[in-house]
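Asks: Please see the structure below; I have some questions.
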Amino acid sequence: MSIVAATLTDAQKKVLARIDNEEIVRLASDLIRIPSFTTEETPCAEWIANYLRDQGVEPELQEIEPGRKQTVARLRGTGGGKSIMLNGHIDIDPLASGWTRDPFQPWIADGKIFGHGIFNMKAGVTACIMAALALRRAAVPLRGDVVVACVAAELNSGVGTIHAIRNGYRTDMAVIPEPYGADTIITKHTGSMDVVVHTLGRATHISKKEQGSDAIAKMMRAIAAINAMKMTAVHDSDLPGLPRLNVGSVVGGRGRNYNLRGAYTVSDFCTAYVNVRFNTSQSGDTILADIRRTLDALKADDPEFQYEIEFPPELSRGLGRLAKAAVDVPLSEPVVQMVKHHLKTLSGRDPQYLGVRLPQSYAGNDTTHLWQAGIPCCLYGPGGGYTDYHDVHTILDDLFLVTRVLALTALEAAT
């Protein structure tokens, strides 16, 4: 008998015996084959609902916005135990060029599974589902509920998780398997928000360009000022790279619909999309105030400088519509200690990173909404990687280990 097996309870052995690596790979592969970009999650949600139903688990398809669905399921306990949510998002990052194979046809090489969306975070979703199914198949009595939330819109401010919490799925604790590695437990990370900035000009023909006011030129000044601005914040040595921002997209043209065919016309409307990452000393209100202060200074220097700030961004833009607060969950929370304990039990090692990991802690995620709802939580998921967002992959050994750690964590919480 192995050292690990000798330390396991009968219930733990029963649960682990119900986890099959080949089945894990099959489910992960099936999820890769279903494109589920942000706002386009419904086909994946419906597939997962059918899959869970076939496994004897009755899912709920939640419509978080008209025509936009996610899947949540519950293993009901008998009462008296703690409830736990295993929460993974089914929306995936935009598709980059440069793939060496079809990104939606999974393949395995060098101990990794490749395919678009597997890293962020269909491998994590797979781990959540397989962990919950292991509990059900083992028929171990549970006192608390185990919730599997396959949520939409994490990349869109996390409104899917908010919807789940507000509609019957508030649990005592939660784990989100963001793809930071089987030796990493993150409890502290950045806040995040998207802000849209517009500059307004006056359109004229190139023949009398001097009489116009170029919105694109004004935006160039605005971007330089925003990039240089000092935000109102208290330095946090755990997250020394915060606050930070990025102007990710710019479009300008004639009119608010950006007519781009009149290059002979001075632009009268220009828009920039700005993403901001911030620590616990900041909020959406302080960041908006900082941007206004910066742009007001340009306006004071140039009477023709006109701007607008759009927050929340219009729904049609596909941006985050909330200021997702920064998170700092105490390491002493039971869910954190459970994950740490079961990692040590199954692997023989402590986490390499506990609490903060850089640059991973500069990324936002749905623990924001869980923690604000009073649900202690942490990030623990299988690692992998990509090259410039193509040939995305997850390390299979990480996926196998995380699935088992989540299963034992859910078992401990609910019994």
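The values are calculated or read from the model by the stated rules, or taken from the named source; none is laboratory data. Keep in mind that this is a model prediction, so the values were computed, not measured. All Cβ positions, even for glycine, are placed from backbone atoms using ideal geometry, and neighbour counts span all protein chains on display. To get the accessible areas, we keep the full protein, side chains included, count just its heavy atoms, and leave off ligands, DNA and RNA. Shrake-Rupley method; radii C 1.70, N 1.55, O 1.52, S 1.80 Å.
Asks: Can ALA96 be described as open to solvent by 20 Å² or more (accessible area, probe 1.4 Å), within 20 Å of the chain's Cα centre (by Cα) and of a type in the set (Gly, Ala, Ser)?
Replies: Yes, satisfied.
Asks: What are the residues in segment 67-83 that are of a type outside the set (Val, Ile, Thr), within 18 Å of CYS128 (Cβ to Cβ), open to solvent by less than 30 Å² (accessible area, probe 1.4 Å) and out of contact with any His (no Cβ under 8 Å at 6 or more places or on another chain), if any?
Replies: Those that are of a type outside the set (Val, Ile, Thr), within 18 Å of CYS128 (Cβ to Cβ), open to solvent by less than 30 Å² (accessible area, probe 1.4 Å) and out of contact with any His (no Cβ under 8 Å at 6 or more places or on another chain): ALA73, LEU75, GLY77, SER83.
Matching residues to (1) of a type in the set (D, E, K, R); (2) touching a Gly at 6+ places or on another chain (Cβ under 8 Å):
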| residue | (1), (2) |
| --- | --- |
| ILE216 | no, yes |
| ALA224 | no, no |
| VAL234 | no, no |
| ASP238 | yes, yes |
| GLY241 | no, no |
| VAL247 | no, no |
| VAL251 | no, no |
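Asks: Restrict the check to segment 33-48 and report whether at least one residue is of a type in the set (Lys, Arg), in contact with a strand residue (DSSP E or B) (Cβ under 8 Å, 6 or more places away or on another chain) and at negative phi.
Replies: no
A quick yes/no check of all residues on (1) part of a strand (DSSP E or B); (2) within 22 Å of ALA153 (Cα to Cα):
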| residue | (1), (2) |
| --- | --- |
| GLY241 | no, no |
| GLY262 | no, no |
| CYS270 | yes, no |
| VAL274 | yes, yes |
| THR280 | no, no |
| ASP285 | no, no |
| ASP290 | no, no |
| THR294 | no, no |
| ALA297 | no, no |
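Asks: Given the conditions (1) modelled with pLDDT of 95 or more; (2) open to solvent by 40 Å² or more (accessible area, probe 1.4 Å); (3) among the charged types (D, E, K, R); (4) in contact with a strand residue (DSSP E or B) (Cβ under 8 Å, 6 or more places away or on another chain), and given that ASP398 satisfies all but one, which numbered condition is not satisfied?
Replies: That leaves (2) as the condition not met.
Asks: For LEU86, all conditions in the list (1) touching a residue at least 60 places away in the same chain (Cβ under 8 Å); (2) surrounded by fewer than 22 Cβ atoms within 10 Å (Cβ to Cβ) hold save one; what is the number of the exception?
Replies: All conditions pass for LEU86, except number (2).
Asks: Right, here's the next one. Listed residues LEU322, LEU315; which is farther than 20 Å from PRO376 by Cβ, within 22 Å of the chain's Cα centre (by Cα), surrounded by 16 or more Cβ atoms within 10 Å (Cβ to Cβ) and at pLDDT below 95?
Replies: So the residue among LEU322, LEU315 that is farther than 20 Å from PRO376 by Cβ, within 22 Å of the chain's Cα centre (by Cα), surrounded by 16 or more Cβ atoms within 10 Å (Cβ to Cβ) and at pLDDT below 95 is LEU322.
Asks: Ok, one more. Looking only at segment 169-181, decide whether some residue is farther than 21 Å from LEU370 by Cβ, touching a Pro at 6+ places or on another chain (Cβ under 9 Å) and touching a residue at least 12 places away in the same chain (Cβ under 8 Å).
Replies: No, segment 169-181 contains no residue that is farther than 21 Å from LEU370 by Cβ, touching a Pro at 6+ places or on another chain (Cβ under 9 Å) and touching a residue at least 12 places away in the same chain (Cβ under 8 Å).
Asks: A further question on this structure: Which of the residues that make up segment 168-205 are among the hydroxyl-bearing types (Ser, Thr, Tyr) and open to solvent by less than 30 Å² (accessible area, probe 1.4 Å)?
Replies: Once the filter is applied, which keeps residues that are among the hydroxyl-bearing types (Ser, Thr, Tyr) and open to solvent by less than 30 Å² (accessible area, probe 1.4 Å), segment 168-205 yields TYR169, THR171, THR184, THR187, THR190, SER192, THR199, THR204.
Asks: Something else now. Return the total of residues in segment 231-277 being open to solvent by 50 Å² or more (accessible area, probe 1.4 Å), among the charged types (D, E, K, R) and in contact (Cβ under 8 Å) with a residue 12 or more places away in the chain.
Replies: The qualifying residues number 5.
Asks: Being open to solvent by 40 Å² or more (accessible area, probe 1.4 Å) and in contact with a strand residue (DSSP E or B) (Cβ under 8 Å, 6 or more places away or on another chain) is the filter; apply it to segment 287-299 and report the residue that is farthest from GLN211 (Cα to Cα).
Replies: By that ranking, first place goes to ARG292.
So that you can scan it fast, the table gives a plain yes or no per residue for (1) of a type in the set (A, V, I, L, M); (2) modelled with pLDDT under 95; (3) out of contact with any helix residue (DSSP H, G or I) (no Cβ under 6 Å at 6 or more places or on another chain):
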residue: HIS341; (1), (2), (3): no, no, yes
residue: THR345; (1), (2), (3): no, no, yes
residue: LEU354; (1), (2), (3): yes, no, yes
residue: GLY364; (1), (2), (3): no, yes, yes
residue: GLY374; (1), (2), (3): no, no, yes
residue: GLY383; (1), (2), (3): no, no, no
residue: TYR389; (1), (2), (3): no, yes, yes
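Asks: Select from segment 359-395 the residues that are touching an Asp or Glu at 6+ places or on another chain (Cβ under 6 Å) and surrounded by 24 or more Cβ atoms within 10 Å (Cβ to Cβ) and write down the one among them that is farthest from THR171 (Cα to Cα).
Replies: Taking the candidates together, the pick is PRO382.
Asks: Of the numbered conditions (1) under 29 Å from TRP371 (Cα atoms); (2) among the hydrophobic types (A, V, I, L, M, F, W, C); (3) modelled with pLDDT under 95, TRP99 satisfies every one except a single condition; which is it?
Replies: Against the list (1) under 29 Å from TRP371 (Cα atoms); (2) among the hydrophobic types (A, V, I, L, M, F, W, C); (3) modelled with pLDDT under 95, TRP99 comes up short only on (1).
Asks: Next question, about the same structure. Is at least one residue of segment 147-164 more than 18 Å from the chain's Cα centre (by Cα), aliphatic (A, V, I, L, M) and in a loop (DSSP other than H, G, I, E, B)?
Replies: No, because not a single residue in segment 147-164 is more than 18 Å from the chain's Cα centre (by Cα), aliphatic (A, V, I, L, M) and in a loop (DSSP other than H, G, I, E, B).
Asks: Would you please name the residue that is least open to solvent (accessible area, probe 1.4 Å), looking only at residues in segment 41-66 that are acidic (Asp, Glu) and without any contact (Cβ under 8 Å) to a residue 12 or more places away in the chain?
Replies: Looking at residues that are acidic (Asp, Glu) and without any contact (Cβ under 8 Å) to a residue 12 or more places away in the chain, I get GLU63.
Asks: Test LYS208 against the criterion of being assigned to a helix (DSSP H, G or I), without any contact (Cβ under 8 Å) to a residue 12 or more places away in the chain, among the basic types (Lys, Arg) and open to solvent by 10 Å² or more (accessible area, probe 1.4 Å), and give yes or no.
Replies: The answer is yes for LYS208.
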